[in-house]
Structure formats: structure tokens, C-alpha cells
1. To the nearest 10 Å², what's GLU118's accessible area with a 1.4 Å probe?
2. Once you've got the Cα coordinates, tell me which of LYS170/LYS237; LYS225/LYS313; LYS234/LYS313 are over 26 Å apart.
3. Extension gain SER293-SER194, at 0.36 nm per residue separation less the Cα-Cα distance, in nm?
4. Any chance you could run the full-extension gain for GLN104 through THR304? It's 0.36 nm times the residue separation minus the Cα-Cα distance, nm to one decimal.
5. Between GLN115 and ARG70, what is the FRET efficiency for a Förster distance of 35 Å, r being their Cβ-Cβ separation, to the nearest 0.05?
6. FRET efficiency for SER321 and THR95, Cβ-Cβ distance as r, R0 = 56 Å, nearest 0.05?
7. Within the range 297-323, which residues have the backbone N less than 17 Å from the label spot 7 Å out from GLN220 along Cα→beta-carbon, could you tell me?
Amino acid sequence: QLYGVEFYKKKSDQSPKGMIPLKGATLTSPCQDYSKRALVFKISTAKKQDHFFQASHVEEREMWVKDIKRAIQCLQGGKKFARKSTRRSIRLPETVNLSQLYIQMKDQEEGVKEQRVEQDNKAFNYCFTGVNVVDWLISKDKARNRPEALMLGTGLLNEGFLQPAGDTSKEGAHSAEKSVLLDQTDAIYYFADSGFFCEGYSSDEDVLLKEEFRGNIVKQGCLLKQGHRIKNWKVRKFILRDDPAYLHYYDPTKEDDPLGSIHLRTSVVSAVDYLPDAKKYDVEGNLFEIITSDETHYYFQAATAEERKEWIKAIQTVSKSGK
């Protein structure tokens with residue numbers, strides 16, 4: 001019987017560091033109240049403790065959310081947790097070892113080849129189509145025909161070895177009757193523990209998954225920024241990321257997409273004492289400037305000298321190391 005989500009300090013640890021109880025818990029996804037990170041979901045336990053989780057891509061978050069929600073429902077109803085489809089519902093022979101089949105399918109030389117697929121203004125990386133899976137199973141004598149191969153592929157999908165990516169494969173996997181692997185070129189799947197990631201807009205459009213947003217967050221906070229056309233100062237929330245090196249700025253009163261981004265690769269950042277075209281009463285001091293590789297100048301005011309020093313140091317570091 002499943003009672004909660006166990007977590008471990010290291011992959012190699014045999015025993016968990018702790019467990020988050022799911023009985024009476026609620027799940028929030030996407031979670032907007034933890035602004036430091038993207039792709040976050042939250043578990044709130046019955047004792048009102050909040051636990052935040054960050055996925056590496058949208059599909060990974062959806063996979064976790066789907067299973068945790070079902071586990072919470074099962075605990076409330078006193079049922080045993082099980083994925084929607086079982087071996088019996090697809091008549092999968094007991095002799096079939098799906099774990100072994102998955103290992104063979106993932107083999108670098110002989111397995112299903114991972115590729116980049118573009119669809120609906122998104123690019124899916126390290127994935128393959130339903131047709132690829134079916135063709136491979138037949139070519140490796142794992143199945144005698146396409147219906148038999150589909151049965152095996154569906155077994156791998158239901159057990160979580162394969163994951164759906166994109167609308168077509170998700171509809172097949174989350175259909176009301178039973179989840180199925182689709183023998184279609186527009187049905188995209190990926191290995192559960194692969195390097196899969198999607199570029200484009202997320203399915204719930206809460207996060208822009210562009211390359212420039214993939215870096216780790218190094219620093220964030222509010223600064224005053226001088227406008228480019230009208231030289232007035234406005235409070236903006238800034239998030240600094242490295243690899244790739246970007247500084248995004250937002251309206252701090254909204255949860256919207258960024259107002260703009262500054263590519264910091266090879267940029268120059270330095271403290272300045274005055275601005276030539278600024279009104280004297282607008283400037284409190286603690287100014288600094290970023291000059292980008294295309295010669296664009298940005299001016300900022302920090303609240304304190306210490307804060308200015310921290311921002312300059314952090315930006316200098318990512319501008320040198322980040323791509």
C-alpha cells in the first residue's frame with residue numbers, strides 16, 4: 001500500500017530521508033506562488049505543510065501530477081493505488097518482461113533511435129514516434145505483427161517506461177477507456193529516464209520554454225531600471241540565469257511573461273556615479289550599467305551599495321561563463 005512520496009538525499013541511498021504523507025493532501029499545478037522557479041507543483045499535506053517540486057520539463061511535471069493525484073484519490077477512497085490500465089486489460093502475456101524489453105529498446109546501438117521532432121510550433125528533443133516503436137518491435141522479432149507490437153508498446157506506456165509528448169500521444173494515453181500507444185507518425189513518445197525536453201510553449205502556457213529560460217537561476221530581486229525611450233525609472237523584478245546567460249525583467253505586480261531579456265554573453269557591467277541624461281532628483285545613487293555585445297546600454301539603481309556590488313559580481317560571473 002502506498003502512503004506518500006518518499007525522498008532521498010542521493011540516488012545511491014537505500015533508505016529515504018523522509019516521506020510526504022498523501023492522505024488528505026492537496027496538489028496544486030502549475031504552482032504560481034513560488035516565483036523563483038518554473039515548472040513547479042506543490043503538495044500541501046493534511047497538516048498544512050507545503051512541499052514544492054520542480055520538474056525539468058512540462059511532460060515530466062504532468063506525469064508526476066497525474067500519478068500523485070490518483071494516489072491521493074485512492075487513499076481517500078481506501079483503494080489500492082494502481083495505474084489506470086493493467087496487463088489484463090491489454091491481454092499482455094505474463095511471460096513478457098517489460099523491464100528487459102525497455103533496456104533493449106534503450107540500447108544505444110540496437111535500440112530505438114532518439115531524434116528531434118518538430119510539431120505545433122514546438123521542438124521535442126530525444127524522442128521518437130509510435131511508428132518508430134512498432135517498427136522496432138517487429139524488426140527485432142519482439143512482435144509478429146503491428147497489433148501485437150501495439151500491445152507491447154501499450155504495456156510499456158502503461159507501466160511508465162514510455163511517456164507521451166505532444167497532444168496526439170497524450171490523448172491516446174489519457175483516454176477515458178484505456179490508454180493506448182498510437183501507431184502514428186504524429187504520436188510522439190520518449191523514454192522515462194531520457195534527456196527529453198521540449199522547446200516552445202508549455203501545454204498550459206504558464207511557462208515559456210525557450211532556450212534562454214533553461215539556465216539555472218543565479219540571483220533574483222527588484223531593481224530600478226531606466227526606460228530606453230522615456231528616461232523614467234520603474235521598479236522591475238529581475239531574474240539572472242546562467243548557461244545561457246540572461247537577465248530577464250518582469251512587472252513585479254504580475255505573473256506574466258517577462259517584459260524583456262538581456263543577453264549577457266560578453267557584456268560589460270560596471271558601477272557608475274551619474275547618468276548624463278537623468279534628472280538629478282530621479283537618482284538616489286548605487287547606479288550600475290550593463291553594455292551588451294551589440295552596444296546596448298542599460299542603467300539600473302540598487303537599493304544599497306552592498307546590493308549593487310552583489311548584482312555586479314553575479315552578472316560579471318555569468319557574462320564570462322554563460323554561453
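The values are calculated or read from the model by the stated rules, or taken from the named source; none is laboratory data. Here the structure is a predicted model, which is why all the values come from computation and not from measurement. With ideal geometry, Cβ positions are generated from the backbone for all residues, glycine too; neighbour counts draw on all protein chains shown. In case anyone asks, the SASA skips ligands and DNA or RNA and just uses the protein heavy atoms, side chains included. Shrake-Rupley method; radii C 1.70, N 1.55, O 1.52, S 1.80 Å.
1. 140 Å²
2. Details: LYS170/LYS237 35 Å; LYS225/LYS313 18 Å; LYS234/LYS313 23 Å.
Exceeds cut-off: LYS170/LYS237.
3. Working: separation 99, 0.36 × 99 = 35.64 nm, distance 3.52 nm.
Full extension from SER293 to SER194 adds 32.1 nm.
4. Numbers: separation 200, 0.36 × 200 = 72.00 nm, distance 5.85 nm.
Full extension of this stretch gives 66.1 nm more.
5. Numbers: r = 31 Å, r/R0 = 0.89.
Working from the Cβ atoms, E equals 0.65.
6. Working: r = 53 Å, r/R0 = 0.94.
Step by step, r from the Cβ atoms, then E = 0.60.
7. Those under the cut-off are 311, 315.
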